[in-house]
Amino acid sequence: MTEAKIVDSHCHLDFPDFDDERPAIIQRALDAGVERMVTICTKLRLEPQVRAIAEAHKPVFYAAGTHPMSAADEPLASTDELIALSQHPKFVGIGETGLDYHYTSDSAEVQQKSLRIHIAAARETKLPLIIHARAADDDMAQILTEEYANGAYTCVMHCFSSGAALARKALDLGFYLSMSGIAAFPKSQELRDIFAAAPVDRILVETDSPYLAPHPHRGKRNEPAYTAHTAKVGAEVFGMSYADFATQTTANFDRLFWKASA
């Protein structure tokens, strides 16, 4: 499985789960055919630490934003702040941002405000928006559509596990859907069907590590090397060889994350 190169489009290498062994984890990813990784900063005050990881490791790029579950507890980002961060050569995306009403519905209003600020930065920088959506499909579809009417931008629905209607709306806007370990879980057939209905040139793969490890590592700490397990399932979903699916999703990544293109 290592002959075809793939990309982990979303991981969290700054999380303490990886302390003391980041170089080994990055090397394991490379050994598994994961040639590049995008590590995601979820709180802007931590951006210097995340940037340092990207600067220290050639295969690692980064993005930064305010995670919706932190939107009420962190200072509200400004579009200018995000645009300034984007000047770094290894800064390749805006976010993650989005809406999460599963645990934090009480902060819906500030989440929506934060999301619109991030969209404005994505529009201005031409960098892809990285969206986290959970239990908020209707509001998410509405905001993405409203904002797109104000000016085009690009976007990936990271770790996509929402409903078919939001998938269709995102795809209609020209956005991308990213497969995480959730898509590889045995009970996720409905989600695999949503992916199968999407154009394969709009699919990315990711780990969201340290979370959501796919089989055979389910329940353990996830890491970028395991992108290969999700990509194997993705290849089956689309009826492709692993090598062809890896080539396609890498081309998709390069198109969307143009600053990190090979």
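The values are calculated or read from the model by the stated rules, or taken from the named source; none is laboratory data. Since we're looking at a predicted model, the values are computed, not measured. When we count neighbours, we look across all protein chains shown, and the Cβ atoms used for this are built from the backbone with ideal geometry, even at glycine. Please note that ligands, DNA and RNA were not included when accessible areas were found on the heavy atoms of the full protein model with its side chains. Shrake-Rupley method; radii C 1.70, N 1.55, O 1.52, S 1.80 Å.
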Whichever residue in region 45-76 is open to solvent by less than 60 Å² (accessible area, probe 1.4 Å) and more than 25 Å from D254 (Cα to Cα) and, among such residues, is farthest from the chain's Cα centre (by Cα): E74
Selection from region 168-185 of residues that are closer than 12 Å to C155 by Cβ and in a loop (DSSP other than H, G, I, E, B): L173, G174, F175
Hey, A235 over 22 Å from F15 (Cβ atoms), touching a Ser or Thr at 6+ places or on another chain (Cβ under 8 Å), at pLDDT 95 or above and surrounded by 15 or more Cβ atoms within 10 Å (Cβ to Cβ) or not: yes
So M157, is it buried (at least 24 other Cβ atoms within 10 Å of the Cβ), touching a Leu at 6+ places or on another chain (Cβ under 9 Å), touching a residue at least 40 places away in the same chain (Cβ under 8 Å) and not small (G, A, S): no
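In region 1-30, what count of residues is obtained for those that are in contact (Cβ under 8 Å) with a residue 24 or more places away in the chain, hydrophobic (A, V, I, L, M, F, W, C) and farther than 15 Å from C41 by Cβ? Working first, answer last.
Step one: filter region 1-30 for residues in contact (Cβ under 8 Å) with a residue 24 or more places away in the chain, giving 1-15, 17-18, 22-23, 25-26, 28-30.
Retained after the next criterion (residues that are hydrophobic (A, V, I, L, M, F, W, C)): 1, 4, 6-7, 11, 13, 15, 18, 25-26, 29-30.
Remaining after also requiring farther than 15 Å from C41 by Cβ: 1, 4, 6-7, 25-26, 29-30.
Going through region 1-30 one residue at a time, the tally reaches 8.
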Test: residue in region 239-259 that is within 16 Å of V34 (Cβ to Cβ) and assigned to a loop (DSSP other than H, G, I, E, B): yes
Number of the exception - A108 against (1) of a type in the set (A, V, I, L, M); (2) under 27 Å from A260 (Cβ atoms); (3) surrounded by fewer than 24 Cβ atoms within 10 Å (Cβ to Cβ): (2)
Filtered residues of region 16-44 (kept if open to solvent by less than 30 Å² (accessible area, probe 1.4 Å) and not in a helix (DSSP H, G or I)): A32, G33, V34, R36, M37, V38, T39, I40, C41, T42
Scan of region 186-212 for residues that are in contact (Cβ under 8 Å) with a residue 40 or more places away in the chain, closer than 15 Å to K232 by Cβ and in a loop (DSSP other than H, G, I, E, B), ordered by number: E206, T207
